[in-house]
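First comes the structure, then the notes that go with it.
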Amino acid sequence: MVVTIFKLWRFACKKVMDLVYDWLTKEVTTLAWCFKITRSDGLVQGFTSHDADLVIDGIAYEAASGFSPTAVSASADMAVDNMEVEGVLDSAAITLEDINAGRYDGAQILVFLCDWMNPSGGSYVLRKGILGQVTGAKTPFKAEVRGLLQNLQQKAVAVYSNWCRADFCDAKCGLKVNDYSLSGKVQAINGDGSLMIDIIKPSGYFDYGLLTFTSGQSASCIYDVKSYTSVNAISQLTTFLPLDDSVSVGDSISLVAGCDGNLDTCIQKFNNIANFRGEPYVPGSDYMMAYPVRG
């Protein structure tokens, strides 16, 4: 009985699909991939694999032949559905500066098929979710499309740890970011990608901090600082990710001090132990598994 009902339901669904998406059953299909991206700042962008621009529901989908989506993976075991989109920056709407600045991280994305002969005749949704971290080089880029189950992978409550759970200068930390920010300029660009800057502080002061370009072609791009050294009034800065090629000598920058979440750093560097959000004295797994030994 159950099997019969399932077969009837599947048959009915197929008939509905054939009626609504008859363009999927043609001998010669006129399919086009479409990508609708809604960034966190509210900007909506549309792109299509078709060789001409399409307008669907009032949104212009720009022809971007450089898009190459992988197969869509989905399962019933609560694993996160995933898909990757590789492309080339052949559109003025997507720039390497925006990618490096993280403006596409966490953006909402809708991937669907449509009939380019009749764009308003309906669409077949393949994936709806969010973008993971978008990476790119000079022209190609790769973006992971994560399904809605990605939200279930996030921690819903705070978990105790040795390290501080607060972000530096957020409401929990209590410090003011302006008190730990300095402005300067790029003095030189080394062959290994590190920068020589005119901001003088003790070595390590900006480790794990933030570097923001405030002028030049890389203006508004933000990078995580890997290391900062200052010897004899000469300061060198290295970032975790490679800098954009548009960075030039003379560009203005802003640096925010870094915090590694360690208790000693909170006490000695920032004198902010009252707002430390970690539990450094909670016994760890080594203590739980300890056993008595002779002597």
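The values are calculated or read from the model by the stated rules, or taken from the named source; none is laboratory data. Small disclaimer: the values here were computed from a predicted structure and weren't measured. Don't worry about glycine lacking a Cβ; one is built from the backbone with ideal geometry, like all the others, and counts go over all protein chains shown. Note: areas computed on protein heavy atoms with side chains; ligands, DNA, RNA excluded. Shrake-Rupley method; radii C 1.70, N 1.55, O 1.52, S 1.80 Å.
Below are the figures for this structure:
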{"quantity": "Long-range HN-HN contacts of L210 with modeled amide H, under 5 Å", "calculated": "V225, V256"}
{"quantity": "Virtual spin-label span in nm between N275 and T214, 7 Å along Cα→Cβ", "calculated": "2.1 nm"}
{"quantity": "Label-point separation in nm, V55 to I234, each point 7 Å along Cα→Cβ", "calculated": "6.1 nm"}
{"quantity": "Vicinal HN-Hα couplings computed from phi for region 53-63 (Karplus, 6.51 cos²θ - 1.76 cosθ + 1.60; Hz; Gly/Pro x)", "calculated": "5, 10, 10, 10, 6, x, 10, 7, 9, 6, 5"}
{"quantity": "Per-residue ³J(HN,Hα) for region 171-187, Karplus 6.51 cos²θ - 1.76 cosθ + 1.60, θ = phi - 60°, Hz, x for Gly and Pro", "calculated": "4, 6, 5, x, 7, 9, 5, 5, 6, 10, 10, 9, 10, x, 9, 6, 8"}
{"quantity": "For region 180-267, accessible area per residue (1.4 Å probe, heavy atoms of protein chains only), Å²", "calculated": "48 Å²"}
{"quantity": "³J(HN,Hα), Karplus 6.51/-1.76/1.60, whole Hz, each residue of region 41-51, x for Gly, Pro", "calculated": "8, x, 6, 10, 10, x, 9, 9, 7, 5, 7"}
{"quantity": "Share of carbon and sulfur in the accessible heavy-atom surface of region 245-285 [1.4 Å probe, %]", "calculated": "47 percent"}
{"quantity": "G278 long-range amide H proximity, modeled H, under 5 Å", "calculated": "R165"}
{"quantity": "Residues with amide H under 5 Å from that of D251, placed H, sequence gap 5 or more", "calculated": "V186"}
{"quantity": "Per-pair calculated FRET efficiency, R0 = 35 Å: L241 and D198 via Cβ, rounded to 0.05", "calculated": "0.95"}
